[in-house]
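The values are calculated or read from the model by the stated rules, or taken from the named source; none is laboratory data. Bear in mind that the values here come from a model prediction, so they are computed numbers and not experimental data. Note that each Cβ is placed from the backbone with ideal geometry, even for glycine, and that neighbours are counted across all protein chains shown. SASA here: full protein model, heavy atoms, side chains in, ligands and nucleic acids out. Shrake-Rupley method; radii C 1.70, N 1.55, O 1.52, S 1.80 Å.
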Amino acid sequence: MTQRTPVLVDCDTGIDDAMALLFLLASDGVEIVGVTSVFGNNTAAQCAINSLRVLELAGRTDIPVAIGAEKPLVGEVTYLATHVHGSDGLGDAGLPVDVAAQPSTKTAVEFIDELAERYAGELRILAIGPLTNLAHALDQIPGLVGKVRDVVIMGGAADAPGNQSPAAEANIIHDPEAAQRVISAGWETTLVPLDVTMREILTEDHRDRLAVAGVPAASFVAAATDFYFGHYGMDSFGRRSSACHDALAAGVLTGEVVPLSAPVIDVVVDCTDGPGRGATICDTRGRYRNFTGTSGGNCRVVLETDGTFPDVLVRRLVGAV
Ligand code: RIB
Ligand code: CA
């Protein structure tokens, strides 16, 4: 039997976080060894319950879930994205609210510490919410960077517009100071920004295929994305559809999304209080020479993918691959 790669998912469980969890749970090469929650799409407490609801749907009540940060490193929470993910954070799609398993008694940082020790050198982290838990973990856990194999982050916008402000993407603007701490920590980091997540589009055809599959996880995603499509409306893509942000980052982590362009470049997060707050300033000047000769960056940034991931996602969720 091939050994599965241990993955910790740090998330603010909304609709696309749920897609990422379900995608990984159905993927052969990885094992989710724990989930930590953070404020963002909803409160960290609700996001932990949402993770448990999703895990229960997949029959994985054995995976521990720990509650993390309820507020950013600096200041207070400015908004929760219930307008994007529904009042329950999962598209109000009827997923049972009562869960068999309860959140861990450990904090997210304590749980990250435990997993980093247990899987030292092997642990991969998929960070698909604000980066507050990881920033706290870096400050509180000696030697953490050396114990983690890599961190894959859904967040930011390299050369694309933001989605929460003209310059900033939601996960980063929720806690820019934390994002800067995590991206500059010296561990192997991959950023999956809006440049690519807004180009991998779920459509009504995908929803139809999910809905008729007779697979609980697929039926749930079909139901939840009805709300998600409603948020994106016709404006984003000219048809009822949505991005699948966090799930795309999961595909990058498993290696099933092979970027067409993903240079290692310098990334700095704007932590000022001006209109650029939360922007990920990515040094993409290497575009002018096809990124040949670029060196010394702190982050691999996925700039281009081929648009086929939603199909892979659907096939994985219906059990076809
Ligand atoms: O900007 C997209 C990100 O913000 C995703 O992680 C999504 O879940 C939302 O929180
Ligand atoms: Ca998320």
GNM of the chain, Cα pairs under 10 angstrom: of THR305, THR36, THR13, the biggest fluctuation goes to THR305
Over region 108-238, with neighbouring protein chains present, the accessible area per residue in Å² at probe 1.4 Å is 36
Honestly region 5-317 on the Cα gyration tensor test (a ≥ b ≥ c root eigenvalues; a/c under 1.5 rounded, otherwise a/b vs b/c for prolate or oblate) is just rounded
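Just add up the charged neighbours of ARG285: K/R +1, D/E -1, any other residue whose Cβ is under 11 Å from the Cβ of ARG285.
Details: positive: ARG287, ARG289; negative: ASP159, ASP266, ASP283.
Neighbour charge sum, excluding ARG285 itself: -1.
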Counting only other residues whose beta carbon sits under 10 Å from that of ALA223, what net charge do I get with K and R as +1, D and E as -1?
-1
Region 50-100: C-alpha gyration tensor shape, a/c 1.5 cut-off, then a/b vs b/c
oblate
In order over region 59-70: 3J(HN,Hα) from phi, Karplus 6.51/-1.76/1.60, θ = phi - 60°, whole Hz, x for each Gly or Pro, gives x, 10, 6, 7, 7, x, 10, 10, 7, x, 5, 9
Quick one: of the DSSP bridges fully inside the chain, what percent are antiparallel, nearest 5?
25
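What does the C-alpha gyration tensor say about the overall shape of region 19-119? Classify as rounded when a/c is under 1.5, otherwise prolate if a/b is larger than b/c, or oblate. List each step's numbers first, then the result.
On the way: a/c = 1.77, a/b = 1.11, b/c = 1.60.
It comes out oblate by the Cα gyration axes.
Out of the total accessible area of region 5-317 (probe 1.4 Å, heavy atoms of protein only), what percent is carbon and sulfur?
With neighbouring chains kept in place, the figure for region 5-317 is 51 percent.
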If one computes the Cα centroid of region 1-47 and of region 295-314, what distance in Å separates the two points?
18
Non-local residues with an amide H under 5 Å from the amide H of ALA279, with H modelled 1.01 Å from N and Pro and chain starts lacking one, are ASP270
GNM, the chain, Cα, under 10 Å: largest mean-square fluctuation among ASP175, ASP62, ASP16?
ASP62
For a protection proxy built on the mean count of beta-carbon atoms within 10 angstrom, sort 182-195, 240-253, 64-77 highest first, please.
240-253, 182-195, 64-77
Highest average packing first - 313-319, 91-97, Cβ atoms within 10 Å
313-319, 91-97
So what is the relative contact order for region 5-317, in percent, with contacts set as C-alpha pairs under 8 Å and at least six apart?
20
Inter-part distance where region 248-288 and region 132-210 are each reduced to a Cα centre, Å
8
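What number, rounded to the nearest 500 deg cm²/dmol, is the helix-based mean residue ellipticity at 222 nm of the chain, given -39500 (n - 2.57) per DSSP H run of at least four residues and division by all its residues?
Values: 13 runs with 113 residues, N = 321.
My calculation for the chain gives -10000 deg cm²/dmol from helical runs alone.
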Tell me, in nm to one decimal, what length is gained between GLN140 and ARG118 on full extension, where the rule is 0.36 nm per residue of separation less the Cα-Cα distance?
6.2 nm
